[in-house]
1. Can you give the helix-only mean residue ellipticity at 222 nm for the chain, where every DSSP H stretch with n ≥ 4 adds -39500 (n - 2.57) and the sum goes over all residues, rounded to the nearest 500 deg cm²/dmol?
2. Set Lys and Arg Cβ to +1 and Asp and Glu Cβ to -1, take the dipole of the chain about its Cα centre, and tell me which of Ser79, Val24, Val139 lies farthest positive.
3. Over the Cα atoms of region 4-73, what is the Rg over Rh ratio if Rh follows Kirkwood?
4. Nearest 20 debye, what's the magnitude of the dipole of region 79-159 about its Cα centre given +1 on Lys and Arg Cβ and -1 on Asp and Glu Cβ?
5. For the chain, just the Cα set please: Rg and Dmax, both in angstrom.
6. What is the gain in length, in nm to one decimal, between Arg54 and Glu69 on full extension, counting 0.36 nm per residue of separation less the C-alpha to C-alpha distance?
7. Quick one: among Gly19, Gly127, Gly27, which has the greatest mean-square fluctuation in a GNM of the chain with alpha-carbon springs under 10 angstrom?
8. For the chain, what is the relative contact order in percent, using Cα pairs closer than 8 Å and at least 6 residues apart in sequence?
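A short reminder: the numbers here are calculations on the coordinates, not readings from a lab. Because the structure is predicted, anything quoted here is derived from the model rather than measured. Note: ideal-geometry Cβ built from the backbone for every residue, glycine included; neighbour counts use all protein chains shown.
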Amino acid sequence: MAAVEVILLQRVEKLGQMGEVVRVKPGYARNYLLPGKRAIRATKENLARFEQQRSQLEAQNLKRREEAERVAERVHGLSVVIIRQAGESGSLYGSVSGRDIAEAATAAGLSIGRAQVLLDHPIKTLGVRHVRVALHPEVMIGVAVNVARSPEEAEKQARGEAIVAQEDEEPELTGEALFEGDAPLPTA
């Protein structure tokens, strides 16, 4: 299909800045940019209307960015703990998604939505991960996500202690433990 031209109403990562006319695939425009009010179709009427409102839109964007920067300074170094069940190897029975992180951050005092959490893949193992959160298209903060089985385990992980035993480490076997599961040898 042919590309569609749109005018960006805000900065879109890996696409462009506010006011730029860019060519994108129709589905990206129809499903992401246009419904999210991130862009409008590039018609002559929309270009003229955008140029008339450009200074007003830039002022609104600047105000929102400054507000986001103040929030970022206030919650700098935010760390959230998410408790999940996991197996012995540290693999979670489920996964931690952007929604889980957004709920934990909201409980910690940072009101964000799940779409603001920029998570490439769901978290599927125990440990501390650093996740980016977009407070504004131009303001990103890092949030430490501590996934653990219990609050005590989360405290240990926060101090840097390893919780999950390394797979290289094998338990030492005693003489009796070697033959514990063996059946008796048949007599002739």
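1. The helix-only estimate for the chain comes to -9000 deg cm²/dmol at 222 nm.
2. Going by the charge dipole, the pick is Val24.
3. 1.01
4. Details: 9 positive and 8 negative charges, 15 e Å.
The calculation lands at about 80 debye.
5. Reported Rg and Dmax, both Å: 25.6, 101.
6. Working: separation 15, 0.36 × 15 = 5.40 nm, distance 2.22 nm.
This chain segment gains 3.2 nm when fully extended.
7. Gly27
8. In percent, rounded to a whole number, it is 17.
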